[in-house]
Amino acid sequence: MRFHLTIKAATVSDKAAWDSYVLSHPNGIAYQLFAWKESIEKAYKFKACYLMARDNRRVKGVLPLIIFKLPFSKKKLISLPYCDAGGPLADDTLIERALFQKSLEIVQSAKVSIRSSRPFADIPSETTINQQKARMLLNLPDASDLLLAGLKAKVRSQVKKAYKNGLTSTLGSLNLLPDFYSVFSENMRDLGSPVHSRKWIHAILKYYGNRAHVAVVYTPSGEPAAAGIILCHPRIVSIPWASSLRRFNKLNPNMMLYWTFLKFAADNGYPAFDFGRSTPDEGTFRFKRQWDARPEYLHWADFKQGRQLTFSGSSVSGNRRLAESFIMHLPVGAATALGTAARKYIPL
């Protein structure tokens, strides 16, 4: 390892250098920006330890970590919770390895969970690949008209149908938070899933600034029918949350929502779009595949005291199914209140 390499926890004064490194790195993603740390600390009060490697004054690598603590349980470190991937970024695998080794020293005997979009720290990729979860990636042309022309005829027809049905879409930010959250909370109730707090979404939009965009799709009568958020990195646009309401399905609001984001990304020079993770061959996987997105398996692994733990998969327990059924039968307000109390403790 290089003689002058030092690894320390980044502070607020390091934010500009951190973000500059992430934004310029060919493997960087928006979740690794400093804003994710700020949002978690503000909304959910978990502490962060964002490791930064420097050689003299030059940043050579970063590893974002959140110190995650469930009630009545031990601390663990996650890179990163609430999203598909975090993990280390560095100039080479030696520095990635040094950052990874440092993460094991932060909280003695704590488990460290690394979720990455690619193999990391020279650990054999066959031991970290998660074949149950793939992110769906689409390379974008330089303009949205080229993108539309290249889509399958059925997909183009569904996009056009949404316009014919009188739907409209709007892009914005915090000004669209009320309409976004009304769709988001109802959709999560319908899925039986605990919903993130409005405070969390507000923090994301605040700290990401002009790198975060909200889209809302409206019916002809002005009701929000679908909504989502994208986070932008120069090399790729990520969509962490997208929702549509079942009662408006016949109008195709979900197709307009995704087209709104894809059009924005293509027309603003972003080279790729990440539709987010899905389980292969399930409904969301097939929905994303129709846009010609290709699957790329994620690399998730847990470690403790330098030992890699066995990957346990993501099977759905009977208790979880009961909880989902219970939430689905609650009024939206009650489901939201219950969900926001629990959601901060669910790292995925």
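The values are calculated or read from the model by the stated rules, or taken from the named source; none is laboratory data. The structure presented is a predicted model; accordingly, all values stated were derived computationally and were not measured. Glycine gets a Cβ as well: all are built from the backbone with ideal geometry, and neighbour counts include every protein chain shown. The area values use the complete protein model at the heavy-atom level, side chains included, leaving out ligands, DNA and RNA. Shrake-Rupley method; radii C 1.70, N 1.55, O 1.52, S 1.80 Å.
Under the rule a/c < 1.5 gives rounded, and otherwise a/b versus b/c splits prolate from oblate, where does the range 162-305 land using the Cα gyration tensor? Provide the component values of the computation, followed by the final result.
Numbers: a/c = 1.33, a/b = 1.28, b/c = 1.04.
Verdict is rounded for the range 162-305.
Taking θ as phi - 60°, what are the ³J(HN,Hα) couplings along the range 146-160 by the Karplus curve (6.51, -1.76, 1.60), each to the nearest whole Hz, with x for Gly and Pro?
With coefficients 6.51, -1.76 and 1.60, one gets 5, 4, 4, 5, x, 6, 4, 4, 5, 5, 4, 5, 5, 5, 5 Hz.
Please calculate how many Å² of accessible area the range 222-348 carries per residue, with a 1.4 Å probe and no DNA, RNA or ligand atoms counted. Please report the intermediate quantities before stating the final value.
Numbers: 6020 Å² over 127 residues.
So the range 222-348 comes to 47 Å² accessible per residue, rounded to a whole number.
Give me the number: length gained by fully extending SER73 to LEU174, i.e. 0.36 nm times residue separation minus the C-alpha to C-alpha distance, one decimal in nm.
Working: separation 101, 0.36 × 101 = 36.36 nm, distance 3.52 nm.
Roughly 32.8 nm would be gained on extension.
Under 5 Å between amide hydrogens, which residues at least 5 positions from ALA225 or on another chain qualify, with H placed 1.01 Å from N in the peptide plane?
Amide H neighbours of ALA225: VAL217, TYR218, THR219.
At 0.36 nm per residue, and after removing the present C-alpha to C-alpha distance, how many nm does the segment from PHE326 to ARG156 gain when stretched out fully? Walk me through the intermediate numbers first.
Values: separation 170, 0.36 × 170 = 61.20 nm, distance 3.78 nm.
So the chain would gain 57.4 nm between PHE326 and ARG156.
Express in nm, to one decimal, how much length is gained between ASN139 and THR11 on full extension, taking 0.36 nm for each residue of separation and deducting their alpha carbon distance. Before the final figure, lay out the partial values.
Working: separation 128, 0.36 × 128 = 46.08 nm, distance 3.48 nm.
Answer, rounded to one decimal: 42.6 nm.
Under Stokes-Einstein, with the Kirkwood radius over Cα pairs standing in for Rh, what whole-number D in µm²/s applies to the chain at 25 °C and 0.890 mPa s? Write down the numbers at each step before the final one.
Numbers: Rh = 21.1 Å.
So the translational diffusion coefficient is about 116 µm²/s.
I'd like the distance between the alpha-carbon centres of the range 159-194 and the range 40-76, rounded to an integer number of Å.
First find each Cα centre; the distance between them is then 32 Å.
Relative contact order (percent) for the range 220-348, with alpha-carbon contacts under 8 angstrom and 6 or more residues of separation? Working shown, then result.
Values: 80 pairs, mean separation 19.6, N = 129.
Normalised by residue count, the contact order of the range 220-348 is 15 percent.
For a quick check: with amide H placed at 1.01 Å from N, whose amide H comes under 5 Å from LEU140's, ignoring anything fewer than 5 positions away on the same chain?
Hits under the 5 Å cutoff: ALA272, PHE273.
On each of the three principal axes of the Cα atoms of the range 169-210, give max minus min coordinate, whole Å, ordered largest first.
Result for the range 169-210: principal-axis Cα extents of 32, 23, 12 Å.
Could you estimate the translational diffusion coefficient of the range 267-308 from the Stokes-Einstein equation, with Rh from the Kirkwood formula over C-alpha pairs, at 37 °C and 0.692 mPa s, in whole µm²/s? Write down the numbers at each step before the final one.
On the way: Rh = 12.8 Å.
After rounding, the answer is 255 µm²/s.
Round to the nearest 10 and report in Å² the accessible area of PHE326, as given by a 1.4 Å probe over the protein chains' heavy atoms.
For PHE326, the solvent-accessible surface is approximately 120 Å².
Compute the helix-to-body angle for 177-191: its Cα long axis versus the longest principal axis of the chain, expressed 0 to 90° and rounded to tens.
90
HN-Hα J couplings of the range 223-239 from phi, Karplus 6.51/-1.76/1.60, θ = phi - 60°, integer Hz, Gly and Pro as x?
Couplings: 7, x, 10, 7, 7, x, 9, 10, 10, 10, 10, x, 9, 6, 9, 10, 10 Hz.
Check which residues have an amide H placed less than 5 Å from ALA10's amide H, if you skip close sequence neighbours.
Amide H neighbours of ALA10: TYR50, LEU51, MET52.
Can you report the principal axis dimensions of the range 1-136 using only the alpha carbons, biggest first, rounded to whole angstrom?
Taking the Cα atoms of the range 1-136, the three principal extents are 41, 35, 31 Å.
For a protection proxy built on the mean count of beta-carbon atoms within 10 angstrom, sort 84-94, 291-301, 28-38 highest first, please. Walk me through the numbers before you get to the answer.
Values: 84-94: 21.3, 291-301: 18.3, 28-38: 23.5.
The peptides rank, most packed first, as 28-38, 84-94, 291-301.
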